[in-house]
1. Among the residues of the range 86-129, how many are closer than 19 Å to ASP174 by Cβ and charged (D, E, K, R)?
2. Residues in the range 176-187: is at least one touching a Gly at 6+ places or on another chain (Cβ under 7 Å), open to solvent by 60 Å² or more (accessible area, probe 1.4 Å) and either assigned to a helix (DSSP H, G or I) or farther than 26 Å from LEU239 by Cβ (or both)?
3. From the list ALA280, ALA297, ALA301, ALA262, pick out the single residue that is open to solvent by 40 Å² or more (accessible area, probe 1.4 Å) and at positive phi.
4. Among the residues in the range 216-233, are any exposed (fewer than 15 other Cβ atoms within 10 Å of the Cβ), in a loop (DSSP other than H, G, I, E, B), on the phi > 0 side of the Ramachandran plot and free of Cβ contacts under 8 Å to residues at least 24 places away in the same chain?
5. For the range 142-162, give me the residue count where each residue is touching a residue at least 40 places away in the same chain (Cβ under 8 Å) and open to solvent by less than 80 Å² (accessible area, probe 1.4 Å).
6. Mind checking which residues of the range 80-128 are under 22 Å from THR265 (Cα atoms) and either without any contact (Cβ under 8 Å) to a residue 40 or more places away in the chain or more than 23 Å from the chain's Cα centre (by Cα) (or both)?
7. Give the residues of the range 234-284 that are touching a Phe, Trp or Tyr at 6+ places or on another chain (Cβ under 9 Å), free of Cβ contacts under 8 Å to residues at least 24 places away in the same chain and over 27 Å from TYR175 (Cα atoms), sorted by residue number.
Amino acid sequence: MTLVKEAPAPPAGKRSAAPAAGRRGRRRENLTGYLFMSPWLAGFLLLTAGPMIASLYYAFTSYNLFAPPQWVGLDNFTTMFQDPRWQKSVQVTLKYVVVATPLKLLLALGVALLLAQKRRGQGLYRAAFYMPSLIGASVSVGFVWRALFSDDAVVDRTQKIFGLDVGGWIGNPDYVIYALVALSIWQFGAPMVIFLAGLKQVPRELYEAAEVDGAGPLRRFWNITLPMISPVLFFNVLLESIHAFQVFGSAYVVSDTRCGPADATLVYTCYLYQKGFKEAQMGFASAMAWTLVIAVALVTAVLFWSQKKWVHYEEAAK
């Protein structure tokens, strides 16, 4: 029998020195990380979290920026729900969201399907279609859009060629909202790029097998393309719906800061801006802002609930 002599244990002081040094090193790394994060943390606390908490408090007060806020409880919310112009802003916003979001996504998906095919100058086409998304939110584009849809402008003259004599859309309460919808649809570049990324992930073998089985283009699109890109479609629907609820710049600029005529472009954020910065009713505007946050959160929750029925994930399929 062979006896193996155990090595002597190191002294207690030497055993604890290594873990202590490791802890000091981790603390130093954590401190360095927090130092690099400090500008973002300061910006988040001072410019995001702080104002949000303050606006939540102001939502229950009467505050006009020139006098200390006075607590009024739920008065701002009850007054808001009974305000006819607030109700009008909700109607206009819902109409904009319901019309603009599906049309924008349909155009983005259609163009993405065309650009997914291999062709010469593909990169140039993609850049050209994406360009409006980069400049679409600018004030200058709003002025250009206003000029295009004014009386006796390009759109007015073009529609007269087809026998439509409705005048400029900007001055017509029945058509001006569709000018905003057209501006939103024109900025389809961002969802188009996301759709392109999703289409690139669809295995070509599925299309080849469908062609062998005699499936036509529409059937391949419905049974293969849509299910495979449904997660991307869900992401775009969610993102574009949230953006549509927050529309402000285009409505404000195209309507010449009036959100009209006859409140036809009085989207929710436009009315919020009027109450907060033109009428100095910051308490009322804060209540409107938090109502919008809750509404968007509910829409988001409904979309996440509905995805179980129409969104197909590869992990779930396995």
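1. Matching residues across the range 86-129 total 2.
2. Among the residues of the range 176-187, at least one is touching a Gly at 6+ places or on another chain (Cβ under 7 Å), open to solvent by 60 Å² or more (accessible area, probe 1.4 Å) and either assigned to a helix (DSSP H, G or I) or farther than 26 Å from LEU239 by Cβ (or both), which makes the answer yes.
3. Within the list ALA280, ALA297, ALA301, ALA262, the selection yields ALA262.
4. no
5. The total comes to 4.
6. Selection gives MET80, PHE81, GLN82, ASP83, PRO84, ARG85, GLN87, GLN91, LEU94, VAL98, PRO102.
7. GLY276
The values are calculated or read from the model by the stated rules, or taken from the named source; none is laboratory data. No experiment lies behind these values; they were computed from the predicted model shown. Please note: Cβ atoms are built from the backbone with ideal geometry, for glycine as well, and neighbour counts cover all protein chains shown. Ligands, DNA and RNA are excluded from the accessible area calculation, which covers all protein heavy atoms including side chains. Shrake-Rupley method; radii C 1.70, N 1.55, O 1.52, S 1.80 Å.
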